[in-house]
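The values are calculated or read from the model by the stated rules, or taken from the named source; none is laboratory data. Model, not experiment: these values are computed from the prediction. Positions of Cβ are backbone-derived with ideal geometry, glycine not excepted, and every protein chain shown enters the neighbour counts.
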Amino acid sequence: MIAGKDTRLIAALTALGLALALASLSLGPVALSWQEVLGGLWGNGAPADVVIVRELRLPRTILAIMIGAILALAGAALQGLMRNPLAAPDVLGAPGAAAFGAVLAISTGLADALSLALPIAAIAMALASVAALLALAGPQAGILTLLLAGLALSSLAGALISLTLNLAPSLYATLEITFWLLGSLEDRSFRHVAIAAPFMALAAGLLLATRRPLAALSLGEDVARSSGIDLARLNRLTLAGVAAGVGASVAVAGVIGFIGLVVPHLVRPLVGHDPARVHVPAMIAGADLLLAADCLVRLVPANAELHIGVVTALIGVPFFIWLVLDRRRNADLAVGTGAQS
């Protein structure tokens with residue numbers, strides 16, 4: 001049951017998302033007013049406005065909402081499962097592995113022959129990556145173990161991507177893969193929405209089903225077991241949900257990092273640090289953040305549009321450094337307090 005405070009938070013985040021979606025539909029080489037955007041959406045505006053809004057910008061806006069929401073949800077679920085604030089898909093190597101699967105599908109021509117080859121390859125590699133992480137680090141791993149395991153898996157994925165690029169059949173294919181890896185929502189269509197939507201819907205269903213079990217797990221494994229929680233099933237649900245969501249995101253937009261790390265941290269203090277209450281607000285906030293980043297890439301003056309993966313990295317890296325320094329400061333304070341006592 002959603003508390004009144006949570007309802008107000010969700011309503012505020014949703015209102016912000018609607019405003020950002022309207023801004024996303026209005027921004028581009030041809031600037032449109034909000035009246036022209038609404039006319040284009042309803043189909044009663046100028047024919048050019050209808051084409052621009054419905055065919056060119058609406059799929060991009062929908063994808064930004066879907067991808068931001070699922071990446072934030074995956075981050076919240078992983079942090080709850082690992083009981084570790086640094087356990088996000090991008091930190092733990094899942095996007096890199098998904099990117100390798102997608103690059104492999106592109107370079108071998110499978111993506112051209114079969115439209116579902118790209119998301120299936122990305123999801124399969126993301127699943128393998130998260131499974132390998134759990135096997136290497138274990139469900140109760142500390143921060144250092146998680147970072148080392150994630151670094152190893154990310155490095156392996158990066159090396160395999162580089163190898164695939166070196167073996168690419170042509171320079172054009174190499175450039176196409178390289179630009180795709182930077183992450184972008186430019187020139188996306190409803191075909192991309194249709195490819196990603198089933199996998200993201202599956203991922204959202206699986207990850208939202210972990211809300212109550214993760215709340216019990218936050219009190220310890222013994223408490224979770226005594227509450228009737230099947231921890232092995234919880235691991236499988238989270239693993240499958242993260243793999244499907246991250247894989248589908250990477251398949252249609254390339255690598256967009258740090259949404260899954262940043263957003264749960266922003267939302268958690270607003271819901272009392274309750275894992276069961278983080279998921280839904282995090283989804284909406286993740287959609288808001290990616291919509292804002294997508295608006296930003298179209299506002300920055302440049303010869304070519306900035307890649308959205310670059311923008312989210314520029315946001316996420318300083319946040320990650322701040323998070324590490326904050327935890328270090330808290331650890332130092334704890335040591336100092338212990339020494340005084």
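In region 149-168, the residues that are within 28 Å of ALA87 (Cβ to Cβ) and touching a residue at least 40 places away in the same chain (Cβ under 8 Å) reach residues that are among the polar types (S, T, N, Q) and assigned to a helix (DSSP H, G or I) with C-beta atoms within less than 6 angstrom, at least six apart or across chains, in these pairs: LEU153/SER129; THR164/SER107.
A Cβ distance below 9 Å, combined with a sequence gap of six or more or placement on separate chains, defines the contacts here; from region 228-257, residues that are closer than 14 Å to ALA203 by Cα reach no residue that is part of a helix (DSSP H, G or I) and of a type in the set (D, E, K, R).
Considering the conditions (1) under 13 Å from ARG83 (Cβ atoms); (2) more than 20 Å from the chain's Cα centre (by Cα); (3) of a type outside the set (A, V, I, L, M, F, W, C); (4) at pLDDT below 85, GLY228 is excluded by exactly one of them, (1). The lone criterion from (1) farther than 17 Å from ALA253 by Cα; (2) among the polar types (S, T, N, Q); (3) surrounded by fewer than 24 Cβ atoms within 10 Å (Cβ to Cβ); (4) modelled with pLDDT of 80 or more left unmet by GLN140 is number (4).
Counted as qualifying within region 1-99 are the helices (runs of 4 or more DSSP H) with 3 or more residues that are small (Gly, Ala, Ser), namely 4-26, 58-82. Looking across region 118-139, the residues that are over 14 Å from PRO95 (Cα atoms) and among the small types (Gly, Ala, Ser) come down to ALA135, ALA137, GLY138. Out of all the residues in region 307-318, which are among the hydrophobic types (A, V, I, L, M, F, W, C) and within 17 Å of VAL252 (Cα to Cα)? Across region 307-318, the qualifying residues are ILE308, VAL310. Beta carbons closer than 8 Å, at least 6 apart along the sequence or on distinct chains, pair a first residue in region 298-323 that is closer than 19 Å to THR61 by Cβ with a second that is surrounded by fewer than 13 Cβ atoms within 10 Å (Cβ to Cβ) and not small (Gly, Ala, Ser) for LEU306/VAL300.
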